[in-house]
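None of the figures in this text is laboratory data; all of them are computed from the coordinates on show. Note that the structure is a prediction, hence the values are computed from the model and not measured. Cβ placement follows ideal geometry from the backbone for every residue including glycine, while neighbour counts extend to all protein chains displayed.
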Amino acid sequence: MEKVNLPILKKKAKKIAEQLGVELYLVGGVVRDWLLKGGEEEFKDVDLVVSSSRKHFAILLAEELNIPLEDMEFWDEYFVVKIGKLIDVASFRREYYPEPSVLPKVSEAETIVDDLKRRDFTINAMAYRLWPEPEELIDPFGGREDLKKRLIRFLKRDSFVEDPTRIYRAVRYKERFEFEFEEETFNRILLDKNYISRLTPARIRSEFERIADEDKLINCLEFIYEYNLVPNEVVHFLKKPNRDLIENFLRSRKEFNNEAFLITILSMILDSRLDQDDIELLAKRFAFTKKEMRVLEEIEVLKELALIDNLKEAYKLYIILSPMGKKISRLFTDMVEVIEERVEQVKLSGNDIINIAAKKGVRLLGKEVGVLKKRLIAEVVSSENGLSEMKQRELVEKWVSCKN
Ligand code: CTP
């Protein structure tokens, strides 16, 4: 992934600030990480704030850095201009929440301190003035001290009511930096966690996508599980996160990047029994795509079979995850080889199943053929000594007769 070199950026940005006669600050994560890691030079994203002329400033800086600007129309409403995916240029902003837990209305603010006031935690509410010189840390809420004390502390009591995504942000920072919650902040998280239910599914999904990106993903999920930090209607589906699944995922994260979100949620509901209504509820609450929802449905069918047939634990896992494709099955490399050998022993194709059913006077839908095929695979894989073709035919005949 491309990164920003801070010394180079500072030099170029300062020159432009001087030329335009505007104040210029580094803000948020970059200041926090720079203080925390003792002067690191490369950053994956950098937030800049200017006192005015953000568009003009961003155009000149993008030119200097030779990075294209993102579509300005879209970002303008948030007072932010994006230079590539790497740099945000904003002007001083104030936020006002028309009601709890919806996106804020944004308006212009007078000073950098006003801008810092709207932020989530003291460690994120620091600015570093680059221009006019001398360079100086602006730290009105004691962020630097909290970094030293390794504390996550909110700025105001209704922070989580206004924006419950901050609960997830707090968990990420706590686990990422191995910090603690300041006492009142933690109490407020517990008191206000119900507001998570008011967030739109897209916002919840986006928070879980960011959690899925964390190295300490398991710790984040265990914390979320321990304190039930999900929308109320889905709390009872949550189980202790499946460590094996997450650890395997983390070992081959690159390969599974597109499935990161699904694996993350799955790790917490794998051991739950879900009916169609439950799946629909989960899909709605976490904004699953159609494809992700289908995976959940498949998993449930297979879980059911696994339970009926009392499969050994390993087979169960394989079967549960195989609908997600070979790629995901590979998370379980140890068992896959043995299992695939067994899958080879399945002698009947989809067409064979259709013909057997037809002989019994049953017309199968495509979906039903798929389910029967998987059921047959489950039988063959879990049988002690394999199943002859004849036995396999008998089984299918039995199943289709039941349907009649
Ligand atoms: N911010 C906030 N409340 C939010 C989201 C963001 O106050 N719900 C502020 C914080 O000051 C944060 C800054 O906006 O530092 C930038 O947000 P973001 O890019 O999401 O976070 P980073 O601080 O860059 O942290 P991370 O390392 O997780 O990207």
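The table that follows gives values for the structure above.
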item: Size of electric dipole in the chain: Cβ of Lys, Arg +1 and of Asp, Glu -1, about Cα centre, debye, nearest 20; result: 900
item: Three-way shape label, region 1-147, alpha-carbon gyration tensor, a/c 1.5; result: rounded
item: Mean residue ellipticity (222 nm) of the chain, computed from DSSP H runs ≥ 4 via -39,500 (n - 2.57), nearest 500; result: -16000 deg cm²/dmol
item: Model label zone, SER52; criterion: amide N under 20 Å from point 7 Å along Cα-to-beta-carbon; scope region 93-110; result: 93-94, 107-110
item: Gained length - LEU365 relative to TYR96, 0.36 nm times residue gap less alpha-carbon distance; result: 91.4 nm
item: Over the chain, relative contact order from alpha-carbon pairs under 8 Å, at least 6 apart, %; result: 9
item: Whichever lysines have a C-alpha closer than 30 Å to that of LYS360, once near sequence neighbours (fewer than 8 apart) are set aside; result: LYS303, LYS347, LYS373, LYS374, LYS391, LYS398, LYS403
item: Cβ-Cβ FRET estimate between ARG210 and VAL113, R0 fixed at 25 Å, reported to 0.05; result: 0.35
item: Rounded to 10°, Cα long-axis angle of helix 276-285 versus longest principal axis of the chain; result: 10
item: For TYR227, TYR173, TYR96, order by how many other beta-carbon atoms lie within 10 Å, fewest first; result: TYR96, TYR227, TYR173
item: Anchor LYS85: aspartates and glutamates whose Cα lies under 14 Å away (excluding residues fewer than 8 positions away in-chain); result: GLU2, ASP45, ASP47, GLU70, ASP71
item: The chain: most fluctuating residue of LYS14, LYS174, LYS360 per GNM, C-alpha cutoff 10 Å; result: LYS360
item: Among the listed pairs LYS3/LYS216; LYS284/LYS367; LYS10/LYS284; LYS239/LYS367; LYS11/LYS156, those beyond 32 Å (Cα-Cα); result: LYS10/LYS284; LYS11/LYS156
item: Evaluated at q = 0.09, 0.11, 0.17, 0.18 Å⁻¹: base-10 log I(q)/I(0), Debye formula over Cα of region 150-288; result: -0.26, -0.38, -0.93, -1.04
item: GluC sites (Glu not before Pro) lying in DSSP loop within region 130-186, provided at most 14 other Cβ fall within 10 Å; result: GLU135, GLU178
item: Least to most buried among LYS44, LYS367, LYS117 (fewest other Cβ within 10 Å first); result: LYS367, LYS44, LYS117
item: Sorted by Cβ density within 10 Å, fewest first, the residues SER267, SER159; result: SER159, SER267
item: Peptides ranked, highest mean first, by Cβ atoms within 10 Å: ranges 49-56, 375-382, 97-104; result: 375-382, 49-56, 97-104
item: For the chain, alpha-carbon Rg over 2.2 N^0.38 Å; result: 1.25
item: Alpha-carbon Rg with Dmax, taken over region 345-401, Å; result: 10.6, 32
